[in-house]
Amino acid sequence: MWCRRLGWFFKTPSQTRGSTRRGSPWLPCERRTVPAAPARCHHTAPESLKCAWQLHGDHLELRYANTLMRFDFVWLRDHCRSASCYNAKTNQRSLDTASVDLAIKPKAVRVDETTLFLTWPDGHVTRYGLEWLVKNSYEGQKQQVMHPRILWNAEIYRQAQVPSVDCRSFLETDEGLKEFLQNFLLYGIAFVENVAPTKEDTEILAERISLIRETIYGRMWYFTSDFSRGDTAYTKLALDRHTDTTYFQEPCGIQVFHCLKHEGTGGRTLLVDGFYAAEQVLRQAPDQFELLSKVPLKHEYIENVGDCHNHMIGVGPVLNVYPWNNELYLIRYNNYDRAVINTVPYDVVHRWYAAHRTLTAELRRPENELWVKLKPGKALFIDNWRVLHGREAFTGYRQLCGCYLTRDDVLNTARLLGLQA
C-alpha cells in the first residue's frame, strides 16, 4: 500500500512555529456554550479527555480521536450541511460561498460527545459530526490513502496467486465483477478468462465496467504487424516497458488487451509495477523522487501515415503525487515518446537525468518483470497510470484488439460495488 510521506512538501503549523499560541483555553467537549471571543491564556485538556477544542483568531482547533485538527472559520461556514446550505438529495452545495464574510467568526461554540455546534453572527447554526470532521479534515486526509494498493514485483505477484475471473461471472454477476475490480484496484492488472476471441466480445467485456474512450486510434483498435500507423507498436519489434498516451494531456486510464490469434513464436507481454519501482526510489533517493515528481516534461506524438495526421503533446512530471499526502497516483514514463527537454533549466537537467536513470534501473530489474503469454480467450486489463507494459519480439501472424477505458467510469463502477476507489 502506498503510504510514504515526504516531509519537505507540507509542514503543519505546529512544525513551522512554536507551540505557544494566543487563543481561548482548550476546553473539554462538554455540553456548554462558550462565546467565541479569544482569551489570552492557553491550557491543554487532560490526557484522559477524548475531545478538546480551542478558539483562535481565525480558526478552531479540535483534538479528537488522536487527531489535532485546525479548521478555518470560513471553511466551517462553507461546509455547513444544514438544509438551507446543502441539498442532501443531490449532494450539492446550495450556499453561495462568495457571500460568506471572509472575516466571519462563530458567535458561540458547543461540543458534545459526537457533534460540534457553531452559532454564527446571523443566528444560523452549523452542526458537524466529530467523526465527519476527522474524515474530512486536512490532517485526517494526510493519514489516509486515496487508493489502497499492493505493490508487487514478479515474485510477490506470483505468490499472491491472484485468480482470473471467468467471463460469464464477470458479465452476469456482481460478485464476479467485484472480485475482478478488487484485483484490478490492488494490483493494477486483472485478467478475464474464457472470452470469445472476437473484437465484438472484447467490446462487450470492456463496456461492463466503463465507457470506452475514443482516441486518435479509434474506439476499439485492432492491429497486426503491418505498420498501418506511425507507431512502433504496429511492428514485430520488441517494446521496452512504458505507459501509453503520455502525449495526451490526460493519459488514458485503463488499457484492454486481447490476443485474438498468434501463429508464430515470441510476443510475450511484459508487465512492471511502476509504483513498486517508484517506492524503491523513494526509499533509496528521496531527493530524486522529489525531482521526478516536480519537473515537467513534454511527450509528443507526430504521425503522418496514410490518412492519419496527428500531432499530440502532453505535459507533466514522470511521477505525479497528491499534494496533501504525497500519494503517487500516476506515472508518465515512455522513452519513445518523450519530446525535446526544453522545460527544464540547465542546472536541473543533469540531476533529472540521474534521477531518471535511477528509476529506469528499478523498472528494468529482472525481478520486477512479470512476463505473460496472452492467448485467445484471455483478456488483460492494465492500469495505465500505474503499470508499465512492453513486449518481446515475435514472429508470424499476430492479431490483437483492445481499447482504452475512461478511468472515472471504472472507479465509479468500483465505488458502486462498495470498493474504495
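Table for the structure above
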read-out	value
Test: residue in segment 336-357 that is in contact with a helix residue (DSSP H, G or I) (Cβ under 8 Å, 6 or more places away or on another chain) and assigned to a strand (DSSP E or B)	no
Failed item, numbered, when VAL134 is tested on (1) outside the structural domain of LEU68 (by the TED database); (2) open to solvent by less than 60 Å² (accessible area, probe 1.4 Å)	(1)
Of all residues making up segment 302-322, the number that are of a type in the set (Gly, Ala, Ser) and either surrounded by 13 or more Cβ atoms within 10 Å (Cβ to Cβ) or without any contact (Cβ under 8 Å) to a residue 60 or more places away in the chain (or both)	2
Residue match in segment 177-196 (condition: at pLDDT below 95 and of a type in the set (A, V, I, L, M))	no
Residue tally, condition in contact (Cβ under 8 Å) with a residue 12 or more places away in the chain and aromatic (Phe, Trp, Tyr), over segment 120-137	2
Candidates THR126, THR173, THR202, THR215 - the one that is of a type in the set (Val, Ile, Thr) and open to solvent by 30 Å² or more (accessible area, probe 1.4 Å)	THR173
Members of segment 392-404 that are open to solvent by 20 Å² or more (accessible area, probe 1.4 Å) and not small (Gly, Ala, Ser)	GLU392, THR395, TYR397, GLN399
Residues within segment 78-123 that are more than 20 Å from CYS51 (Cβ to Cβ) and either among the basic types (Lys, Arg) or surrounded by 14 or more Cβ atoms within 10 Å (Cβ to Cβ) (or both), tallied	12
Top-ranked residue in segment 292-301 [being open to solvent by 20 Å² or more (accessible area, probe 1.4 Å) and under 19 Å from the mean Cα position of the chain (by Cα); ranked as farthest from ASP337 (Cα to Cα)]	LYS294
Count of residues meeting criterion [at pLDDT 95 or above and open to solvent by 20 Å² or more (accessible area, probe 1.4 Å)] in segment 66-77	6
Single unsatisfied condition, VAL315 versus (1) outside any strand (DSSP E or B); (2) in contact with a strand residue (DSSP E or B) (Cβ under 7 Å, 6 or more places away or on another chain)	(1)
Qualifying positions in segment 147-170 - surrounded by fewer than 17 Cβ atoms within 10 Å (Cβ to Cβ) and hydrophobic (A, V, I, L, M, F, W, C)	ILE156, ALA160
Some residue of segment 101-122 being part of a strand (DSSP E or B), basic (Lys, Arg) and under 18 Å from ASP78 (Cα atoms)	no
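Quick grid of which residues meet (1) farther than 12 Å from PHE289 by Cα; (2) modelled with pLDDT of 95 or more:
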| residue | (1), (2) |
| --- | --- |
| LEU319 | no, yes |
| ASP347 | yes, no |
| HIS350 | yes, yes |
| ALA354 | no, yes |
| ARG364 | yes, yes |
| GLU367 | yes, yes |
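The values are calculated or read from the model by the stated rules, or taken from the named source; none is laboratory data. None of these values were measured; they are calculated from a predicted model. So basically every Cβ, Gly included, is an ideal-geometry build from the backbone, and we count neighbours across all protein chains shown. Side chains included, ligands, DNA and RNA excluded: accessible areas come from the protein's heavy atoms. Shrake-Rupley method; radii C 1.70, N 1.55, O 1.52, S 1.80 Å.
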